[in-house]
Amino acid sequence: MTHSSECSGMVVAVQANFYQVRLHPVDDANQPQYLLCTRRTRLKKIGQKVIVGDWVTIEEPDFQGGRGAISEVLPRKTRLDRPLIANADHILLVFAVAEPDLDAWQLSRFLVKAESTSLSVSLCFNKTDLISENQQKQWQERLSNWGYDSIFVSIKHQRNLEKLTEQLTGKTSILAGPSGVGKSSLINYFIPAGSQRTNQVSGKLQKGRHTTRHVELFDLPDGGLLADSPGFNQPDLKTHPQELELYFPEIRHRLAQGSCQFKDCLHRHEPHCVVRGEWERYDHYLKFLEETLAYQSALQQRPDQESSLKLKTKGSGQQEYEPKLSSKKYRRQSRRSKHQKLQDFYENNLEED
Ligand code: GDP
Ligand code: ZN
């Protein structure tokens, strides 16, 4: 229940121990209001982290001073580790059709990574001013064979941007794609520099936007939030080999029509496989599969107790693991569930500061 001395909102930026919270509801003029908040000690004690995208309760907000303290984090609908963000529901992948050249492998890699998050995925191609209509059509058809509808735009010539607005309105979206494709131009188009809240946060904390890789959420003019995605730009494929099939629409389609003889078919050389065949990205699938298999075997070779062990080189040159001296921090963590430890590991490794 929300008391008069409480309000709620969404964390839109995190820097050091400060959280910029966008209040809900917005004021009469429909202008978002923000409070710069700290986190209650009680939350620190129970190990409750606060990340961008979290819905939080603020106790005794000081609206005039623009300050508050976060007392509660509401359950997360979704959570990504790279970028570290809660409650996002959509990934907008941006690529350029030229400058840099559109590389099908790279595109495929981003798509698979995006699909693996369970968020909805849409695709936007920028710089259509640099190619012919015919070339654009060819890409469009190719992508449609991969199972994707795509939006072709030119930010420079403001072409087709209303289609993009439609895709983003009412959602919390993460913008991702290689560098040089026009992501910053797109953010500047939707969120003119003058109204970018970052400057205010950064001013207060004396940190410029470019000194941080933290993800931040920006308000879109027609409703919805947009996050730039540091950390998503070099997608790794740390997925389970058996799951890779889920991240290709072409495979999902084939498996909906029929099934392979073996339940655990990896769709390589197995007999009576309905996936293996003459489709364009089958090669991509095989290559990514090798990568996920290599990742899995590397994981299996690593001792699970790695975090509590340190590698010691003995006089003979032999190496062996021995327990670390237990620090206070470690003893505290060891009481938590394995899951919580894993979460902390990600957060501690991804949150700077
Ligand atoms: P980011 O690295 O993805 O953030 O890409 P930027 O937004 O910095 O854009 C990279 C370059 O592409 C800049 O020189 C932009 O001016 C240029 N650019 C952005 N959009 C377009 C476009 O629609 N057409 C053309 N020709 N160039 C564009
Ligand atoms: Zn198969």
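The values are calculated or read from the model by the stated rules, or taken from the named source; none is laboratory data. Values in this document were obtained by computation on a predicted structure and should not be read as measured data. Heads up, the Cβs are rebuilt from the backbone with ideal geometry, glycines too, and the neighbour counts pull from every protein chain shown.
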Inset, instruction - Please go through region 276-285 and pick out each residue that is within 12 Å of ligand 2 (Cβ to nearest atom) and not in a helix (DSSP H, G or I). - result: Arg276, Gly277
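Out of everything in region 54-76 that is in a loop (DSSP other than H, G, I, E, B) and at pLDDT 95 or above, what residue ends up being nearest to ligand 2 (Cβ to nearest atom)? Give the derivation first.
The initial filter retains those residues of region 54-76 that are in a loop (DSSP other than H, G, I, E, B), namely 54, 63-66, 74-76.
Narrowing the set further to residues that are at pLDDT 95 or above leaves 54, 74-76.
Numbers: Asp54: 40, Leu74: 41, Pro75: 37, Arg76: 35 Å.
Step by step, filter region 54-76, then rank; the result is Arg76.
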Inset, instruction - Please determine, by comparing only the residues of region 234-256 that are closer than 17 Å to Ala298 by Cβ and touching a Lys or Arg at 6+ places or on another chain (Cβ under 9 Å), which one is modelled with the highest pLDDT. - result: Thr239
Inset, instruction - For region 156-191, name all the residues that are small (Gly, Ala, Ser) and over 17 Å from Asp89 (Cβ atoms). - result: Gly177, Ser179, Gly180, Gly182, Ser184, Ser185
Inset, instruction - Inspect region 237-248 for any residue being surrounded by 12 or more Cβ atoms within 10 Å (Cβ to Cβ), of a type outside the set (Lys, Arg) and more than 28 Å from the chain's Cα centre (by Cα) and give the result as yes or no. - result: no
Inset, instruction - Return yes when Thr169 is β-branched (Val, Ile, Thr), surrounded by fewer than 18 Cβ atoms within 10 Å (Cβ to Cβ) and either farther than 14 Å from Asp228 by Cα or under 16 Å from the mean Cα position of the chain (by Cα) (or both) and no when it is not. - result: yes
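Let me confirm something: among Ser118, Ser71, Ser122, which residue is touching a helix residue (DSSP H, G or I) at 6+ places or on another chain (Cβ under 6 Å) and surrounded by fewer than 21 Cβ atoms within 10 Å (Cβ to Cβ)?
On the way: Ser118 fails: touching a helix residue (DSSP H, G or I) at 6+ places or on another chain (Cβ under 6 Å); Ser71 fails: touching a helix residue (DSSP H, G or I) at 6+ places or on another chain (Cβ under 6 Å).
After applying the criteria, what remains is Ser122.
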Inset, instruction - Please work out which one of (1) exposed (fewer than 14 other Cβ atoms within 10 Å of the Cβ); (2) at pLDDT below 95 is the condition Ser308 fails and give its number. - result: (1)
Inset, instruction - All but one of (1) in contact with a Ser or Thr (Cβ under 7 Å, 6 or more places away or on another chain); (2) within 13 Å of ligand 2 (Cβ to nearest atom); (3) on the phi > 0 side of the Ramachandran plot hold for Gly224, so report the exception by its number. - result: (2)
Legend entry - Check on Ser259, over 25 Å from the mean Cα position of the chain (by Cα), surrounded by 13 or more Cβ atoms within 10 Å (Cβ to Cβ) and at pLDDT below 85: no
Inset, instruction - Please state which of the following conditions Tyr285 fails to meet, knowing it meets all the rest: (1) under 23 Å from the mean Cα position of the chain (by Cα); (2) among the aromatic types (Phe, Trp, Tyr); (3) farther than 19 Å from Lys113 by Cβ. - result: (3)
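Select from region 42-69 the residues that are small (Gly, Ala, Ser) and closer than 13 Å to Ala86 by Cα and list them in ascending order.
As a first pass, look at region 42-69 and keep what is small (Gly, Ala, Ser): 47, 53, 65-66, 68-69.
Correct list: Gly53 only.
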